[in-house]
Amino acid sequence: MLHYSCDLCKRPIDVKRDVRHVVKIEVFPAVEDLDADDVEFSDVDNLEEMHELLESLDERAADEVGDTATRTLRFDLCDACRQRYLKNPLGAKTTKQFNFSNN
């Protein structure tokens, strides 16, 4: 039998009585879509360009490519941590607002 634990609080999750939530995060470089009017169609050999690109990637160190590559992350959360995660998914620190009187 598989045993699960919450990746935030490390509490064991009993799948028979608790709900296990899965969070998947995908991080990838954004490439803006081009309008069809902006694209110039030419007699460029796309296969040749792709071949050259793949060869240049082979020559580069893996750590250079790793910073810009797509990464997929997966986490198991208990119900309490899921609720906390949904309130602040990016983990941004919140500052308290002070209300001063108009004296």
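Numbers below:
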item	result
Count - residues of region 4-33 that are assigned to a loop (DSSP other than H, G, I, E, B) and closer than 17 Å to residue 79 by Cβ	13
Considering residues of region 75-103 that are exposed (fewer than 10 other Cβ atoms within 10 Å of the Cβ) and closer than 30 Å to residue 3 by Cα only, the residue modelled with the highest pLDDT	87
Qualifying residue in region 66-74 (condition: in a loop (DSSP other than H, G, I, E, B) and modelled with pLDDT under 80)	yes
Cross-chain or 6+ apart pairs with Cβ under 6 Å, region 42-65 first and loosely packed, with under 10 Cβ neighbours inside 10 Å and modelled with pLDDT of 60 or more, then charged (D, E, K, R) and assigned to a loop (DSSP other than H, G, I, E, B)	none
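The values are calculated or read from the model by the stated rules, or taken from the named source; none is laboratory data. All values derive from a computational prediction rather than experimental measurement. Reconstructed Cβ throughout: ideal geometry from the backbone, glycine too, with neighbour counts over all protein chains shown.
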